[in-house]
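Read through the structure below, which is laid out as structure tokens, and then see the notes.
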Amino acid sequence: MGSGPWGFESPLRHHLQRQGSLPAHLALAGHALKKRPDMSESKPKILIIIPAFNEEANITGVIRAVKTHQPNAHIAVVNDGSWDRTGELAELHDVTVLSHLLNMGIGATMQTGFKYAAACGFDIAVQVDGDGQHPASQIQDLIDVLQKTDADMVVGSRFVSKSGYRPSMARGAGMAVFSHLVSIIIGEKVTDTTSGFRASGRRCIEFFSSHYPDDYPEVEALVLLHKKGYSIKEAPVQMSPRTGGRSSITPLRSIYYMVKVLLAIFIDLMKKLD
Amino acid sequence: MYLYQILAIVGAVVLFIFVVDFVRRGLLKEKYSVLWLASALAILVLALKKRLLDTIAGYLGVSYAPSLLFLVAFLFIMLIILHFSVVISIFHDKNKVLIQEIALLKNALKEAGLLPPVSGKDKGDKST
């Protein structure tokens, strides 16, 4: 079992780093050479992480929108073992495509993005889902709040103000439970804990590249950040309904979601983070 | 000697031989065979020594002593399954790290010009 049954740390990563850190060096060299040569040193390096699983209907639109609204940001599409044309379509654009060999779930997918961001020295990583529900036009709002408040993470909330988002009864109840619980734990009001539209600062990127929950990670990530002593802020956003493809959330899964996340939160509170 | 004792003894011995043979043929790693061998031995001892079984059953208030054999076997099976759940979780994490590193490495090779762009054949395998 090598590293002991509970406290797991990437052995391969450590091995590779001892052997001269091949992935980090190659990735860094690639960026320094051909991406954005005209960037001034003072500007933060921004990475847009687009997790995508079987999103061939939406991925092109999402990449185009992000490029339009964030021309200076670098884009990394993390293709989570899609068996449709998601990967090929993403390759057509001038973006980094990180492809999982097999489907690993959203948590592992985002973590791959964070590992890439950490290895390439990005200052800010923004998650923009591949299904097109996160508005690219509001990425800048998240980044602005992150920089102004010096927070470690900014979550785009559908409930802070003036957003027209009305979830279904069951879903709304579940979201309310999570936001109350997390608000109590964190000691600060968080209105939208399940939003995946969020911007992470440098400390967050480093932390997430070694610790990120597996499935349904959004709520748990906030609790982990709080335990780590990092600050979380919210910014109001408006999300659009899906334009194509289908959601991964079914009624049965949402019950599993509730139970799993509640359990995970309480276990996280007992966990010891290094 | 009762028939149930003979059955339990034969069962335990067969299990023991099977597990040892699996380990010998490399089908089972030694560290995953320990719990199996321990459960076979426990059943064997309790089935051979009827007085020991009766004494323990008396202590525990189990009126029908042979059912203690089931309890012991059940507890061992629970232990083995829990052990496997832990092992699977560890494998899950190791798997995740490998798949993430492969994704990053492939991208690094591509950026270094050592790998042609994804051709379409090189996609996820939904059979798993």
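The values are calculated or read from the model by the stated rules, or taken from the named source; none is laboratory data. Since we're looking at a predicted model, the values are computed, not measured. Counting neighbours? That spans all protein chains shown, and the Cβs are built from the backbone with ideal geometry, glycine included. The accessibility values were calculated without ligands, DNA or RNA, using every heavy atom of the protein model including side chains. Shrake-Rupley method; radii C 1.70, N 1.55, O 1.52, S 1.80 Å.
Distances between every pair of Cα atoms in the range A:44-270, grouped in 10 Å steps from 0 to the bin holding the largest one, split as 8, 35, 40, 16, 1 percent. What the phi angles of the range A:262-271 give under the Karplus curve with 6.51, -1.76 and 1.60, with θ = phi - 60°, is a coupling list of 4, 4, 4, 4, 5, 6, 4, 5, 8, 5 Hz, glycine and proline written as x.
By the Cα gyration tensor, the range A:99-157 has an equivalent ellipsoid whose semi-axes, rounded to whole angstrom, run 23, 16, 9 from largest to smallest. Hey, what number do you get for chain B at 222 nm if only DSSP H runs of n ≥ 4 count, each worth -39500 (n - 2.57), divided across all residues, to the nearest 500? Counting only the DSSP helices, I get -27000 deg cm²/dmol. For A:Gly156, the residues whose amide H sits under 5 Å from its own are A:Phe197, A:Arg198, A:Ala199, A:Ala235, ignoring neighbours fewer than 5 places away on the same chain, with H placed 1.01 Å from N. Based on the Cβ-Cβ distance from A:Lys228 to A:Thr149, what FRET efficiency comes out when R0 is 25 Å, to the nearest 0.05? Plugging the Cβ-Cβ distance into 1/(1 + (r/R0)^6) gives 0.90. The phi torsions of the range A:50-66, fed into the Karplus equation with coefficients 6.51, -1.76 and 1.60 and a -60° offset, translate into couplings of 10, x, 9, 10, 6, 10, 4, 6, 10, 4, 4, x, 5, 4, 4, 5, 5 Hz, rounded to whole numbers, with Gly and Pro shown as x. The range B:1-29 and the range A:46-108 have Cα centres spaced 53 Å apart. Proximity of backbone amide H atoms, modeled 1.01 Å from N, is registered between A:Ser99 and A:Asn79 at under 5 Å, excluding neighbours fewer than 5 places apart on the same chain. Using alpha-carbon positions, what is the distance between the centroids of the range B:36-73 and the range A:114-180, in Å? When both Cα centres are located, 59 Å separates them. The angle between the Cα long axis of helix B:66-111 and the longest principal axis of the Cα atoms of chain B comes to about 10 degrees, rounded to the nearest 10.
Go through A:Lys45/A:Lys260; A:Lys148/B:Lys94; A:Lys233/A:Lys260; A:Lys115/A:Lys233; A:Lys260/B:Lys94; A:Lys45/A:Lys233 and tell me which ones have a Cα-Cα distance over 31 Å in this structure.
Details: A:Lys45/A:Lys260 35 Å; A:Lys148/B:Lys94 38 Å; A:Lys233/A:Lys260 25 Å; A:Lys115/A:Lys233 23 Å; A:Lys260/B:Lys94 21 Å; A:Lys45/A:Lys233 20 Å.
Violating the 31 Å Cα-Cα cut-off are A:Lys45/A:Lys260; A:Lys148/B:Lys94.
Taking a quarter of the surface of the Cα convex hull of chain B gives a mean projected area of 12.1 nm².
Answer rounded, prolate or oblate for the range B:1-48, using the Cα gyration tensor with square roots of eigenvalues a ≥ b ≥ c: rounded when a/c is under 1.5, else prolate when a/b is larger than b/c, else oblate. Walk me through the intermediate numbers first.
Values: a/c = 4.75, a/b = 2.29, b/c = 2.08.
Prolate shape, in that a/c is at least 1.5 and a/b is the bigger ratio.
Solvent-accessible area of A:His93, all protein chains in place: 40 Å² (probe radius 1.4 Å, heavy atoms, ligands and nucleic acids excluded).
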